[in-house]
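The values are calculated or read from the model by the stated rules, or taken from the named source; none is laboratory data. These numbers come from a predicted model, not from an experiment. Neighbour counts are summed over all protein chains in view; Cβ atoms, including those assigned to glycine, are modelled from backbone coordinates with ideal geometry. The area values use the complete protein model at the heavy-atom level, side chains included, leaving out ligands, DNA and RNA. Shrake-Rupley method; radii C 1.70, N 1.55, O 1.52, S 1.80 Å.
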Amino acid sequence: RLHGVKFTIRCLVKAEFLRKGLKGITTLSQPTHRMYLTHTDGVSSLQLATELEEDHQKIVGAIKSLQSLGDIVEAEQATSSRWELTAEGSSIVKNGSHEALVFKAVPPGEEGIPQPDLMKATGASGKIGMSKAIQAGWLKVKKEGGVTKLTRTVESIVDTVKKNLEELEKGTSTVEANVINDYKKRKLMQQVTVTSFIVRRGAGFTTTIEKQETELTPELIASGAWKTKKFKPYNFNALGTPLAVGHLHPLLKVRSEFLEIFMEMGFSEMPTNKYIESSFWNFDALFVPQKHPARDDHDTFFLSRPAKTTSVPEDYLERVKKVHSVGDFGSQGYRYEWKREEAEKNVLRTHTTAVSARMLHKLAQEGFKPSKFFSIDKVFRNETLDATHLAEFHQVEGVVCDRNITLGDLLGIIKEFFRRLGIEKVRFKPAYNPYTEPSMEVFAYHPGLKKWVEVGNSGMFRPELLLPMGIPPDVRCHGWGLSLERPTMIRYGIDNIRDLVGPRVDLQMVYNNPLCRLDKH
């Protein structure tokens, strides 16, 4: 930093004097120097860069270093535009224009040169150079014996393009605007915007630099030196040093928004701490037949140890067995031989509806009262892994139980839920679920994709599920569910789910991503 300050003083106080006849000169040594800020109102950083033959960015850095030391100098930003040669334009300044190179490749005299030989000799300059040389009247085309040749029409040429570009590069050009536009179209030059600074003396201007103190130490107080010292002002708008603390994963940020919405709507959270469930609660209690494809090995993870559960309510199990095998409560059931050993198999839960089944059973046993439950937690399925599917994901589920509620209530509460998520356009499509009737898939309109996308599933719980639990006959329960990963991927612009969850996750992504703010109403 001290090196930078010295360089800055040299830039702003002593610059080589190149122009004669200017007043305010102080002879320091040979060659003479101008005391810029002691004798003038201001100086441009571009002027300093030119006269000192230094890179402009170094001059700007030096000015900013002086500004950080207090009010020594004032700098006003200015912008200007200028023409700059492209790589092709610089090549022409060095080697000559395309048309001049083509002209030189054509030998003098009437013999000329065949066009293929000219193209081979001039390479990349050949095509455009030949066209421009003919247009300028330097060359002409003739045919002899079926061979196209080019011959000179003048003995010598002036490479005007090279000359003009040299002047433009030096900034001393008087080239007309239409010629410059032609060079721009040929991509020989481009207009660039330059940001510079006009530097003036500040209120505390000085030609000597004293290091400013940053702390008031006991030594300064004891010695009394603080009275004459200059202190660097505090920047109360500066950001503090980032703390090495933990950061919430994007899934947890979106989860907190979902949880807040459920709480606003009066729902209570269900305990979801059991990743391992028996097939009884995961399937049988939900009226899923034991031959259903979802209960196969290729869809469900079965545990090898402990392979079976030892805790199932016996009286409830018998009612479930009866409604499956021979029917009950007005239902004819599935008419198959229900096996206890299938119901006792332990699995990694495939949906949080298993938790809903436990809560509904508990609600019936403790005496029914209208309730609204929700859960957000992991579930596991034996899926083929790809950009949108993993073997584990999070399910968001809501359940409402009350007397005499209808399908219309379900539609209304789902629309309100998604409205609070910022999704106004929602529609439903009939579907099939073993434990709900009627069942519906939920679709929402995605403005970015400009199409309807599936966002969840829903339905009214079947009597074969509710009545064996002891739920009163006039009580209806409905529920809906969706994944947590899909809205998170949409919210944070993630295309591959493996970049959101799993060993491929970039921890810097977790650090950088902002808080989730859904467009709620």
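Residue by residue through the range 85-123, note down the ones that are closer than 18 Å to Gln190 by Cα and in contact with a Gly (Cβ under 8 Å, 6 or more places away or on another chain).
The one that is closer than 18 Å to Gln190 by Cα and in contact with a Gly (Cβ under 8 Å, 6 or more places away or on another chain): Ser97.
Would you be able to tell me the number of residues in the range 278-301 that are part of a helix (DSSP H, G or I) and free of Cβ contacts under 8 Å to residues at least 12 places away in the same chain? It would help to see each step written out before you state the result.
In the first step, residues of the range 278-301 are kept if they are part of a helix (DSSP H, G or I); the result is 279-282, 284-286, 293-295.
Narrowing further to those that are free of Cβ contacts under 8 Å to residues at least 12 places away in the same chain: 293.
Residues meeting the conditions: 1.
Given the options Glu99, Glu51, Glu76, name the one that is in contact with a strand residue (DSSP E or B) (Cβ under 7 Å, 6 or more places away or on another chain), charged (D, E, K, R) and at pLDDT 85 or above. If you could, list the steps in order and put the result at the bottom.
On the way: Glu99 fails: in contact with a strand residue (DSSP E or B) (Cβ under 7 Å, 6 or more places away or on another chain); Glu51 fails: at pLDDT 85 or above.
Among Glu99, Glu51, Glu76, only Glu76 is in contact with a strand residue (DSSP E or B) (Cβ under 7 Å, 6 or more places away or on another chain), charged (D, E, K, R) and at pLDDT 85 or above.
Only one of Ser311, Ser304, Ser356 is outside any loop (DSSP other than H, G, I, E, B) and not acidic (Asp, Glu). Can you tell me which? Before the answer, list the steps.
Values: Ser311 fails: outside any loop (DSSP other than H, G, I, E, B); Ser304 fails: outside any loop (DSSP other than H, G, I, E, B).
Testing whether each residue is outside any loop (DSSP other than H, G, I, E, B) and not acidic (Asp, Glu) leaves just Ser356.
Tell me, which residue of the range 422-474 that is out of contact with any Gly (no Cβ under 7 Å at 6 or more places or on another chain) and of a type in the set (Val, Ile, Thr) is farthest from Asp328 (Cα to Cα)?
If we take residues in the range 422-474 being out of contact with any Gly (no Cβ under 7 Å at 6 or more places or on another chain) and of a type in the set (Val, Ile, Thr), then Ile423 is farthest from Asp328 (Cα to Cα).
Step by step: first the residues of the range 438-466, then only those that are closer than 22 Å to Ala285 by Cβ and outside any strand (DSSP E or B), then the one that is most open to solvent (accessible area, probe 1.4 Å). Which residue is that?
This residue is Pro463.
Return the total of residues in the range 114-145 being closer than 15 Å to His98 by Cα, aliphatic (A, V, I, L, M) and either surrounded by fewer than 20 Cβ atoms within 10 Å (Cβ to Cβ) or in contact (Cβ under 8 Å) with a residue 60 or more places away in the chain (or both).
Keep residues of the range 114-145 that are closer than 15 Å to His98 by Cα, which gives 118-139.
Among the residues that remain, those that are also aliphatic (A, V, I, L, M) are: 118-119, 121, 124, 128, 130, 133-134, 136, 139.
So of that shortlist, the ones also either surrounded by fewer than 20 Cβ atoms within 10 Å (Cβ to Cβ) or in contact (Cβ under 8 Å) with a residue 60 or more places away in the chain (or both) come out as 119, 121, 124, 128, 134, 136.
Of the residues in the range 114-145, 6 are closer than 15 Å to His98 by Cα, aliphatic (A, V, I, L, M) and either surrounded by fewer than 20 Cβ atoms within 10 Å (Cβ to Cβ) or in contact (Cβ under 8 Å) with a residue 60 or more places away in the chain (or both).
Could you tell me whether any residue of the range 406-429 is among the acidic types (Asp, Glu), open to solvent by 30 Å² or more (accessible area, probe 1.4 Å) and in contact with a Pro (Cβ under 9 Å, 6 or more places away or on another chain)? Before you say what the answer is, go through the steps one by one.
Pass one, the range 406-429, residues among the acidic types (Asp, Glu): 409, 416, 424.
Applying the additional criterion that residues be open to solvent by 30 Å² or more (accessible area, probe 1.4 Å) yields 409, 416, 424.
Right, trim to in contact with a Pro (Cβ under 9 Å, 6 or more places away or on another chain) and you get none.
For the range 406-429, residues among the acidic types (Asp, Glu), open to solvent by 30 Å² or more (accessible area, probe 1.4 Å) and in contact with a Pro (Cβ under 9 Å, 6 or more places away or on another chain): absent.
Take Ala136 and tell me if it is closer than 17 Å to Asp182 by Cα and hydrophobic (A, V, I, L, M, F, W, C).
So Ala136 passes the test.
What are the pairs with Cβ atoms under 7 angstrom where one residue, in the range 369-389, is in a strand (DSSP E or B) and the other, located anywhere, is of a type in the set (Phe, Trp, Tyr)? Sequence gap at least six, or different chains.
Short answer, once both residue conditions are applied: Lys372/Phe267; Phe373/Phe267; Phe374/Phe262; Phe374/Phe267; Ile376/Phe258; Lys378/Tyr275; Val379/Phe393; Phe380/Phe301.
List the number of the failed condition for Phe231; all other conditions in (1) under 38 Å from the mean Cα position of the chain (by Cα); (2) at pLDDT below 85 hold.
Just one mismatch for Phe231, condition (1).
Does at least one position in the range 383-395 carry a residue that is aliphatic (A, V, I, L, M), surrounded by 15 or more Cβ atoms within 10 Å (Cβ to Cβ) and under 15 Å from Leu286 (Cβ atoms)? Spell out how you get there, then give the answer.
In the first step, residues of the range 383-395 are kept if they are aliphatic (A, V, I, L, M); the result is 385, 387, 390-391.
This time we only want the ones that are surrounded by 15 or more Cβ atoms within 10 Å (Cβ to Cβ), so: 390.
So of that shortlist, the ones also under 15 Å from Leu286 (Cβ atoms) come out as none.
Looking through the range 383-395, none of the residues is aliphatic (A, V, I, L, M), surrounded by 15 or more Cβ atoms within 10 Å (Cβ to Cβ) and under 15 Å from Leu286 (Cβ atoms).
Go through the range 337-382 and give me each residue that's open to solvent by 40 Å² or more (accessible area, probe 1.4 Å) and within 27 Å of Glu257 (Cα to Cα).
Of everything in the range 337-382, those that are open to solvent by 40 Å² or more (accessible area, probe 1.4 Å) and within 27 Å of Glu257 (Cα to Cα) turn out to be Leu348, Arg358, Pro370, Lys372, Lys378, Arg381.
Report yes if some residue within the range 146-155 is surrounded by 14 or more Cβ atoms within 10 Å (Cβ to Cβ), farther than 14 Å from Ser97 by Cα and either of a type in the set (A, V, I, L, M) or at pLDDT below 85 (or both); otherwise report no.
Yes, that holds for at least one residue.
How many of the residues making up the range 296-328 are more than 30 Å from Thr384 (Cβ to Cβ) and open to solvent by 50 Å² or more (accessible area, probe 1.4 Å)?
Number satisfying all stated conditions: 9.
Checking the condition in contact with a strand residue (DSSP E or B) (Cβ under 7 Å, 6 or more places away or on another chain) and in a loop (DSSP other than H, G, I, E, B), which residue from Thr272, Thr193, Thr241 passes?
Working: Thr193 fails: in a loop (DSSP other than H, G, I, E, B); Thr241 fails: in contact with a strand residue (DSSP E or B) (Cβ under 7 Å, 6 or more places away or on another chain).
It is Thr272.
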